[in-house]
Amino acid sequence: QVQLVESGGGLVQAGGSLRLSCAASGRTASRHGMAWFRQTTGLEREFVAGISGSGERIHYGDSAKGRFTISRDNAKNTVNLQMNNLQPADTAVYYCAADSRDSLGSGWLVAGTTPRTYAYWGQGTQVTVSS
């Protein structure tokens, strides 16, 4: 089993920054591909950023490119999402997720950006961006 706990969400003005963290536990956590998704009420979960088990392959959703940075420290079992130049459209609950394998590390971008691929999820952390 892999357990995920997100933190770092909050309220920020447009143009500001937040850094989300995901603490992962489990004996094989470092082997999993990891991703951040976000969701607003009534909508499908949106892929934000993903990183392979090794950390060498990274992929961003269109809304995140140029503004967000995903990273991981496997020694600490931590995945982070640095979010800069936040805008009201970024307001959502942000979820950390772990792949049951390593889709992004295998080059499977479709699977690696699809919520159904991810077997483990954190509880979510709210990000609210005011105008």
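For the chain, what is the charge dipole size about the Cα centre, in debye to the nearest 20, if Lys and Arg each add +1 at the Cβ and Asp and Glu each add -1 at the Cβ?
Dipole magnitude for the chain comes out near 220 debye.
Give me the percent relative contact order of region 29-95, please, defined on Cα pairs under 8 angstrom at least 6 residues apart. Display every interim value, and only then the final one.
Working: 103 pairs, mean separation 20.7, N = 67.
Over region 29-95, the number comes to 31 percent.
Hey, can you grab everything whose amide H is under 5 Å from the amide H of Arg57? Only 5+ residues off in sequence or another chain; H modelled, so Pro and N-termini drop out.
Residues meeting the criterion, in which the H sits 1.01 Å from N, are Ser52.
Among Gly16, Val5, Ala64, flag the residue with its Cα farthest along the positive direction of the charge dipole of region 1-107, charges on Cβ as +1 for Lys/Arg and -1 for Asp/Glu.
Value: Val5.
Can you list the HN-Hα couplings for region 92-100, worked out from phi with the Karplus curve (6.51, -1.76, 1.60; θ = phi - 60°), rounded to whole Hz and with x for Gly and Pro?
Those phi angles translate into 4, 8, 9, 10, 8, 9, 10, 5, 6 Hz.
Starting from the Cα of Gln82, move 7 Å in the Cα-to-Cβ direction to define the label point; list residues of region 11-27 whose amide nitrogen is under 16 Å from there.
Answer for this model: 16-22.
Please report, as a whole percent, how much of the solvent-accessible surface of region 29-84 comes from carbon and sulfur atoms (probe radius 1.4 Å). Don't skip to the answer; put the middle values down first.
Values: 1190 of 2790 Å².
Answer for region 29-84: carbon and sulfur cover 43 percent of the accessible area.
Once fully extended, how much extra length lies between Thr41 and Gln123, figured as 0.36 nm per residue of separation less the alpha-carbon to alpha-carbon distance?
Values: separation 82, 0.36 × 82 = 29.52 nm, distance 1.51 nm.
Roughly 28.0 nm would be gained on extension.
For the chain, what is the calculated [θ] at 222 nm in deg cm²/dmol (nearest 500), taking -39500 (n - 2.57) for each run of four or more DSSP H residues and dividing by its residue count? Display every interim value, and only then the final one.
Working: 1 runs with 4 residues, N = 131.
Dividing the helical sum by the residues of the chain leaves -500 deg cm²/dmol.
Relative contact order for the chain: what is it in percent, counting Cα pairs under 8 Å that are at least 6 residues apart? Provide the component values of the computation, followed by the final result.
Details: 338 pairs, mean separation 45.9, N = 131.
After rounding, I find 35 percent.
Ignoring ligands, DNA and RNA, what accessible area per residue does region 1-113 give at 1.4 Å, in Å²?
50
The values are calculated or read from the model by the stated rules, or taken from the named source; none is laboratory data. Note that the structure is predicted; figures quoted are calculated from it, not measured. Glycine also receives a Cβ, built like all others from the backbone with ideal geometry; neighbour counts cover every protein chain displayed. Accessible surface areas use protein heavy atoms only, side chains included; no ligands, DNA or RNA. Shrake-Rupley method; radii C 1.70, N 1.55, O 1.52, S 1.80 Å.
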